[in-house]
Amino acid sequence: MPTKAKPINEDLRYRHGHMVQEYFNKRTTAYAEERRQRLAKIETKKQAQAYVQQVRRAIKKSFGPLPKKTPLNPEITGVNTNKKWTVEKLHYQSRPGFYVTANLYIPANLRGTAPAVLQVCGHTDVAKAGDAYQAVAQDLVQNGFVVLVIDPIEQGEREQFDDKAWVDLPCTRAHNKIGNPMSLTGQFFGTWRVWDAIRGIDYLHTRKEVDTSRIGVTGVSGGGTLTTYVTALDKRVCMAAPCCYICSYEVNMRNEIPADAEQNPPGIIGAGLEEADLLLAYAPRPTLILSETNDFFAFEHAQRAHKEVQHIHALLGHKQNAKFAYGEGVHGYNKGNREAMVKMFRKWAGVPGAYVQSKIDPVPVADLYAAPKGLITRLDNTDIFTLNKTFVPKRKTLTTQQLQKTTKKLLKLATAKGVPSYRALRSPEAYWRPAWSCQYAVETEPGIVTYVTEYSKQPTMMQPATGKVRLFVGHIDSQLDIQEQPFIRSLCKSATPLMAVDPRGIGETMSQSCGDREFFEIYGSDYMFAAYAEMYGETYLGQRVFDVLRVMDFLKSKGASEFELIGRGLGSITMAFVALLHPSKPKVQLFNYLPSYELILDHPLHEWPFSCFIRDVLQHFDLPDVYKSLGKRLKKSKPWDAYMR
């Protein structure tokens, strides 16, 4: 029976807790710098036009094909009227059975047609009924605009979870619970969000009050995000004003600001694009960037984005179409920016006369309900979880070779070159030492070291053990698992050396960024790095698999002749793919493993993190296919459910 482990001294652990953050900082900055150099070389109208076309193609590829348009089936469920405007409470279906609740503001005594604005809401639970969003709509309608304000998914009346889940999940966190597993089916939550908005413009086109040649879009925060998406994907928009969103993917990474699932377009950074490019897909469309000096989306970089947009507009002959305004407040659609937007939209839409100083008078939330009791669940609504599962096809069984080839492609594995360099380290006294212990830092790629802690009866310090070795990757910290898991702890005294491996972001290199040490924090660093890997066109899981494969290259170069793999929890997913891909066909033991990715789709409140998902995987295979392919090499025990229990 192994002796009881000493508690891990965290003050001596996580010596490279900054490593993964700095790795992503450098890579994101490298993409951004290459883009800045390309922009600096654009000096003619022809070059600007070519750049706009390039941006448009990259955005369409990132967001994927949009759905076919189906009947909106709009229904007006109520009307509020005062002396200055009318509000129609309505809903339409952006996809069959998928309801979007909305309010349509129409100026009183309107004769003929009027310009219109689609307002897309930011992250507030009451959405279109929030005071700030009512203020924008009321300001616009009193200045002669028809205004359609729509509820985002899982905000306002568009509840997707059950009532208990809704209490536990504010809308931002709910968006990640919805959006992250959509990657498994090849979907992007941002595409679903922008499609709701595009269908809102379709609805405006059905209204006799609207001059369809003069439709603008605006929104703040998450609504600013959607404003940029709409203007990037719908050529019918004639003017746009994103507020408190436009900044920079580069700066958000440096400032450790994770974003919602819909704010991380797949492959967008890898395609050489930045946030400002989303405003250039139909340049020189009139565009007003709005910011606040104390916004967490850095003001200085909103200014820089404006200069980049203005540069392209100027080369296209319309420098005046790129405008910038700001307030000296915090994140939000504050009065100064709201009035700047309305004044600019009046000018661009050709509304005669002077700006009307509007009286803002928000009404109670319930007065704006479009669905019975403010819940689309009381309509015949199909929730997004059910719809996402319809994208899982009936798959053909892949041969082992086909499965390996497909896995490499989906994981976006880097190409290994040569034998990785390493350093022999002194293992901290934080570690429990039941046997001779030494530690190596293996450089799996520039800027990334993978920690390998050896437990062995072979008295070596500078060279790892030879012959047969076991590699163990734990759940979130291999050393912690050795301390707490009796089975793993017993292997430390085995005749076969045990190598405890911490791939990037696990254990010794667990990130201390994003202001939270909790690994599973839904807006923590593990999530942020996985999201940025997707925006590079890669996978964070693939990077971790690569780390382990490179460690095996290192050990083989030092005399390891046979490998046996062990994985627990998150490490079980990593090690399953390592076992599938390594040419030596090693045996592998998995415990506390994920039975299937489809299990995640069946449980919206799952706890498995985004970092263990693979984009588009369920179009091709699922984890049971991997397990079956491993055959007799695989031993599994103690599976976990969708909640890692």
- [ ] Would you please name the residue that is nearest to N180 (Cα to Cα), looking only at residues in the range 540-555 that are touching a Leu at 6+ places or on another chain (Cβ under 8 Å) and open to solvent by 10 Å² or more (accessible area, probe 1.4 Å)?
- [x] F546
TODO: Being modelled with pLDDT under 95, hydroxyl-bearing (S, T, Y), open to solvent by less than 80 Å² (accessible area, probe 1.4 Å) and not in a strand (DSSP E or B) narrows it down to one of Y23, Y51, Y14, Y31, so name that one.
DONE: Y14
Open item on the list: Yes or no: the range 369-386 includes at least one residue that is touching a helix residue (DSSP H, G or I) at 6+ places or on another chain (Cβ under 8 Å), surrounded by 12 or more Cβ atoms within 10 Å (Cβ to Cβ) and over 24 Å from V100 (Cβ atoms).
Closed with: no
- [ ] Working carefully through the options T293, T218, T225, find the one that is among the polar types (S, T, N, Q) and under 17 Å from N321 (Cα atoms).
- [x] T218
Open item on the list: If I ask for residues that are assigned to a helix (DSSP H, G or I) and either crowded, with 24+ Cβ neighbours inside 10 Å or within 23 Å of the chain's Cα centre (by Cα) (or both), which ones from the range 556-580 would you list?
Closed with: L570, G571, S572, I573, T574, M575, A576, F577, V578, A579
Task: Among the residues listed as P604, P583, the single one being more than 22 Å from the chain's Cα centre (by Cα) and assigned to a loop (DSSP other than H, G, I, E, B) - done: P583
Open item on the list: Checking the condition free of Cβ contacts under 8 Å to residues at least 12 places away in the same chain and not hydroxyl-bearing (S, T, Y), which residue from K389, K347, K408 passes?
Closed with: K347
Open item on the list: Just the residues that are buried (at least 23 other Cβ atoms within 10 Å of the Cβ) and at pLDDT below 95, please, taken from the range 298-319.
Closed with: none
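Yes/no per residue for (1) open to solvent by less than 30 Å² (accessible area, probe 1.4 Å); (2) under 34 Å from the mean Cα position of the chain (by Cα); (3) on the phi < 0 side of the Ramachandran plot; (4) among the aromatic types (F, W, Y):
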| site | (1), (2), (3), (4) |
| --- | --- |
| G327 | yes, yes, yes, no |
| N337 | yes, yes, yes, no |
| F345 | yes, yes, yes, yes |
| G350 | no, no, no, no |
| Q357 | no, no, yes, no |
| D361 | no, no, yes, no |
- [ ] Within the range 468-475, identify whether any single residue is open to solvent by 20 Å² or more (accessible area, probe 1.4 Å) and over 29 Å from the mean Cα position of the chain (by Cα), and answer yes or no.
- [x] yes
TODO: Identify, from the list G559, G631, the residue that is of a type in the set (G, A, S) and touching a residue at least 60 places away in the same chain (Cβ under 8 Å).
DONE: G559
Task: Counted residues, the range 54-99 - those being closer than 30 Å to G267 by Cα, of a type in the set (V, I, T) and open to solvent by 10 Å² or more (accessible area, probe 1.4 Å) - done: 1
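The values are calculated or read from the model by the stated rules, or taken from the named source; none is laboratory data. Note that this is a predicted model, so its numbers are computed, not measured. Cβ coordinates were reconstructed from backbone atoms using ideal geometry, including for glycine residues, and neighbour counts include every protein chain displayed. Areas reflect the complete protein model, heavy atoms only, side chains present, ligands, DNA and RNA absent. Shrake-Rupley method; radii C 1.70, N 1.55, O 1.52, S 1.80 Å.
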